[in-house]
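Student: Take this structure first; my questions come after.
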Amino acid sequence: MSIDIRLPTALRALADKQATVTVEAKTVGEALDALFARHERLKAQLLGPDGKLRSFVNVYVNEDDARDQQGLATPLKDGDAVLIVPAIAGGAAPAAAAGLTADERRRYNRHLILPEVGIAGQERLKASSVLCVGAGGLGSPLALYLAAAGVGRIGLVDFDAVDESNLQRQILHDTASVGTSKLGSAKKRLLGLNPHITVETHETRLSSANAVALFEKYDVIADGTDNFPTRYLVNDACVLTGKPNAYGSIFRFEGQLSVFAAQDGPCYRCLYPEPPPPGLVPSCAEGGVLGVLPGVIGTMQAVETLKLLLGIGRPLAGRLMLYDALEQSWRTLNIRRNPDCPVCGKNPTIKAPIDYEAFCGLKETPKEKSLIPEMTVEELKAKQDKKEEFVLIDVRERHEYDLARIPGSTLIPLGDLPQRHGEIDKTALVVVHCRSGARSARAVQFLRAQGFDAVNVAGGILAWSERIDPSVPQY
Amino acid sequence: MSLEVTRALESLVVEACEKAHPNEACGLLIGSPPGDFDAPGRALVVDEVRPLPNGWDSSAKTNRYLIDPLDLARVETELAASGRGVVGFFHSHPDAPAWPSPFDLMMAWPCVSYWILRVDGGKAADSRSWQRSEDGRSFVEEPIHLEG
């Protein structure tokens, strides 16, 4: 018998865009077998792992539900239409209790035999969710261990692509993924490690506008960011949503670790009410970092996260751990909640996320900016070529200077400028540069306040390398 | 990847979701399926929305929805000749985030868009659209472009 199987719009794309597939069959079961033989992708969506039709797929013969007749054995006659209609359902409530499958019991065996975890704990992990802010150095070991441990739902926020210079420490990504989205690469790796979990990717810059709504959806937030504005944003959004923050940070050979915003514990602002002045603390991109350091700290964040989810042990709330890789030492400091903290104190003044770029002094008002005179790299080159009298000061760090420099420059790192500005000729024009122009803008502001005629090089040595001398390496 | 919809249609969806509070609302998004419907990242244009009654039994209408398969079948049959079809679904999450729940994931189909509105105390508070990956393991958010 020639039977028409009609597909809903949702499923047509998986059957070479056909609305109707005509097959030869005597029963509903035969018709479906013939359909699946032709369209593998459709089969994968409609059949469960047991090879049976998923319970929420409805099959109608003409207008009648096949289940009300003889199910798959329902006979068909020439010209009958078989209609496949997916049941559409969902809703905010979580799925029924997450039991463990036989596969999962085998996989998590070493957890199940720990009395502190056991089946109940493992089910708890399966039903829990963690948001990793950043899929970089810290996010790599963190997300890998959470995935391996069976945390049911892992969210990742990042917007970067994998860069070759990431691979020295960001073990979520591999050489083949250079140039592709970090989240795509991370998701593939995590699901490869553990197909029983769900990975949710949020390819966006975490912002004051989206943080609270995003955090509400997860049980624990793990901060693996590399900059102060995002760190304060993560902290404030954690306090506002009542989610604990498994915090880690790294710089060169040192790391910090704590759990902030846990019940009754202090938050990041209790410890650091104000961000450091902009430019004072170089980022990892400027100051460098030992590749394995995020491995140490990110792994410890995973430990704290799992403890929080399982409700076992003593969480690191109220303690700050400082790691020194060169000394191979850990120090623990006790930290207290600040009753006057603007976000978690008794009378909070921050009730919604604020403008963190401005809070960290990274947003100059147009007026401030206009006070910092600038020159382009082309103008600098012309001055050099004409052998004009001026002093060129490089305010980067020594190791950056060793990597790349503009000829004729004198190195005075930004942090040393307050003690060493006496070395600079006060009668001369002082041209100041750094890597990208941000630190040198601070230096120019400082020098002008001391009475120097100082000018900033817009775009720094990066612009020099791009537009004047490509032999100067970029870093 | 995006869901394109006019402001007039959006207000119909918002109205249905706000009216249904504290229950979940649900309905169909209708349009012409794009040639790359199954591709992650395709753009979808919605030209009609149809709110439908929530068919879940009264025990859990506040956090579950169900669209009667016969309703869906009827609409698909009606649209068959026009080349249009049901390209997505909307539903509300009363007093809960506009993120798909694990149950949403378990029940979802690929290709189509799932537009979820958060409704707080009868007021729409957030609105996000999602496409399920073909492997069924996750949802990917897509921007909603409002026109008109």
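Student: Which of the residue pairs A:17/A:188; A:17/B:61; A:182/A:307; A:126/A:243; A:17/A:43; B:61/B:123 have a Cα-Cα distance greater than 23 Å in the structure shown?
Tutor: A:17/A:188; A:17/B:61; A:182/A:307, as the Cα separations exceed 23 Å there.
Student: Another question, if that's okay. Identify the GluC sites (Glu not before Pro) of segment A:1-86 meeting these criteria: DSSP loop state and at most 11 other C-beta atoms within 10 Å of the C-beta.
Tutor: Loop-located and lightly packed - A:63.
Student: Normalised by the residues of chain B, what does the relative contact order come to in percent, with Cα pairs under 8 Å and at least six apart?
Tutor: Worked out over chain B, it gives 29 percent.
Student: Okay, moving on. Compute for segment A:206-248: radius of gyration divided by Kirkwood radius, i.e. Rg/Rh, restricted to C-alpha atoms, rounded to two decimals.
Tutor: The Rg/Rh ratio comes out at 0.90.
Student: Taking the 0 to 90 degree range and rounding to the nearest ten, how far is the long axis of helix A:182-193 tilted relative to the main principal axis of chain A, both from C-alpha atoms?
Tutor: So the inclination is approximately 50 degrees.
Student: Ranking A:296, A:239, B:112 by Cβ neighbours within 10 Å, fewest first, what do you get? The partial results should precede the final answer.
Tutor: Details: A:296 18, A:239 22, B:112 27.
Ordered from fewest to most neighbouring Cβ atoms within 10 Å, A:296, A:239, B:112 come out as A:296, A:239, B:112.
Student: For residue A:67 and residue A:103 in one chain, what is 0.36 nm times their gap in residues minus the Cα-Cα distance, to one decimal in nm?
Tutor: Gain on stretching residue A:67 to residue A:103: 9.8 nm.
Student: Based only on Cα atoms, what mean projected area does the convex hull of segment A:2-86 have, in nm²?
Tutor: That works out to 4.8 nm².
Student: Shape call for segment A:128-359 from the C-alpha gyration tensor, a ≥ b ≥ c root eigenvalues: rounded (a/c under 1.5), prolate (a/b greater than b/c) or oblate?
Tutor: Rounded shape, in that the Cα axes give a/c under 1.5.
Student: For chain B, count all C-alpha to C-alpha pairs, find those more than 18 Å apart, and express that count as a whole percent of the total.
Tutor: The share of Cα pairs beyond 18 Å in chain B comes to 54 percent.
Student: Here's a follow-up. Using a Gaussian network model of chain B with C-alpha springs under 10 Å, which one of B:135, B:36, B:95 is most mobile by mean-square fluctuation?
Tutor: B:135
Student: Cα to Cα, under 15 Å, and not fewer than 8 places away if on the same chain: which aspartates and glutamates meet these conditions relative to residue A:187?
Tutor: Residue A:187 reaches A:158, A:160, A:174, A:200, A:203, B:134, B:135, B:141.
Student: Continuing with the same structure: Starting from segment A:75-129, pick out the trypsin sites (Lys or Arg not before Pro) whose DSSP state is loop and whose Cβ has at most 10 other Cβ atoms within 10 Å. Display every interim value, and only then the final one.
Tutor: Numbers: sites: A:77, A:105, A:106, A:107, A:110, A:124, A:126; in loops: A:77.
Passing sites in segment A:75-129 are A:77.
Student: Taking the beta-carbon count within 10 Å as an exposure proxy, list A:232, B:65 from fewest neighbours to most.
Tutor: Ordered by Cβ neighbours within 10 Å, fewest first: A:232, B:65.
Student: Follow-up. Would you mind giving the mean number of other chain beta-carbons within 10 Å of the Cβ of each residue in B:109-118, as a whole number? Can you show the working numbers first?
Tutor: Numbers: counts 11, 7, 7, 7, 1, 2, 0, 3, 0, 3.
So the per-residue partner count for this stretch is 4.
Student: Based on the mean of other beta carbon atoms within 10 Å per residue, what is the order of A:308-316, A:82-90, most packed first?
Tutor: Answer by packing, highest mean first, reads A:82-90, A:308-316.
Student: Counting only DSSP beta bridges with both residues in segment A:182-295, what percent are antiparallel, rounded to the nearest 5? Provide the component values of the computation, followed by the final result.
Tutor: On the way: 7 of 11 bridges.
About 65 percent, rounded to the nearest 5.
Student: For peptide A:76-88, what's the mean number of Cβ atoms from other chains within 10 Å of each residue's Cβ?
Tutor: Taking all residues of A:76-88 together, the mean is 4.
Student: Then there's this: Rounded to the nearest 5, what % of the DSSP beta bridges within the protein assembly as shown are antiparallel ones? Could the numbers behind the result be given before it?
Tutor: Working: 58 of 109 bridges.
Around 55 percent of the beta bridges assigned by DSSP in the protein assembly as shown are antiparallel ones.
Student: How many percent of the alpha carbon pairs in segment A:366-467 exceed a separation of 24 Å?
Tutor: Percent of Cα pairs beyond 24 Å in segment A:366-467: 13.
Student: Run through every distinct alpha carbon pair of segment A:118-173 and return the Kirkwood hydrodynamic radius in angstroms, one decimal place.
Tutor: Value: 12.1 Å, from the Cα pair sum.
Student: Now, a different point. Tell me the Kirkwood hydrodynamic radius of segment A:241-337 in angstroms, computed as one over the mean inverse distance between distinct C-alpha pairs.
Tutor: After inverting the mean inverse Cα-Cα distance, the result is 14.2 Å.
Student: At 0.36 nm per residue, minus the direct Cα-Cα distance, what do residue A:355 and residue A:252 gain on full extension? Give it in nm, one decimal, please.
Tutor: Here the segment from residue A:355 to residue A:252 would lengthen by 34.3 nm.
Student: Moving to a separate point now. How would you rank A:140, A:440, A:249, going from fewest to most other Cβ atoms within 10 Å of each one's own Cβ? Show your work: numbers first, answer last.
Tutor: Working: A:140 26, A:440 30, A:249 22.
By the 10 Å Cβ count, ascending: A:249, A:140, A:440.
Student: If you don't mind, another one. Over chain A, what is the mean sequence separation of C-alpha contacts under 8 Å (at least six apart), divided by residue count, expressed as relative contact order in percent?
Tutor: 10
Student: On to the next question. Once you average over the residues of B:132-139, how many Cβ atoms of partner chains fall within 10 Å of each Cβ?
Tutor: Working: counts 1, 4, 5, 3, 3, 8, 10, 3.
Shielding by partners across B:132-139 averages 5.
Student: How many percent of DSSP beta bridges within segment A:128-359 run antiparallel, rounded to 5?
Tutor: Bridges in segment A:128-359 that DSSP calls antiparallel: roughly 45 percent.
Student: Given the Cα atoms of segment A:79-143, and with Rh set as the inverse mean 1/r over their pairs in the Kirkwood sense, what is Rg to Rh to two decimals? All intermediate terms of the calculation are to be shown ahead of the outcome.
Tutor: On the way: Rg = 19.0 Å, Rh = 15.6 Å.
Expressed as Rg/Rh, it is 1.21.
Student: Here's a follow-up. Once you have a ≥ b ≥ c as the square roots of the Cα gyration tensor eigenvalues for segment B:1-88, tell me rounded if a/c is under 1.5, and otherwise prolate or oblate according to whether a/b is larger than b/c.
Tutor: Prolate shape, in that a/c is at least 1.5 and a/b is the bigger ratio.
Student: Using only Cα atoms, tell me the angle between helix A:139-149 and the longest principal axis of chain A; keep it within 0 to 90° and round to the nearest 10.
Tutor: Roughly 30 degrees, rounded to the nearest 10.
Student: Quick one: Debye curve from the alpha-carbon atoms of the protein assembly as shown only, equal weights, vacuum; give me log10 I(q)/I(0) at q = 0.07, 0.08 Å⁻¹ to two decimals.
Tutor: -0.56, -0.71
Student: Quick check: from the Cα gyration tensor, does segment A:245-302 come out rounded (a/c under 1.5), prolate or oblate?
Tutor: Oblate, because a/c is 1.5 or more while a/b does not exceed b/c.
Student: Additional query: With +1 on each Lys and Arg Cβ and -1 on each Asp and Glu Cβ, and nothing else charged, work out how big the dipole of segment A:128-359 is about its Cα centre, in Debye to the nearest 20.
Tutor: On the way: 20 positive and 22 negative charges, 141 e Å.
Computed about the Cα centre, the dipole is about 680 debye.
No lab work stands behind these numbers, since they all come straight from the coordinates. Keep in mind that this is a model prediction, so the values were computed, not measured. Ideal geometry is used to build each Cβ from the backbone, glycine not excepted, and the neighbour counts take in all protein chains shown.
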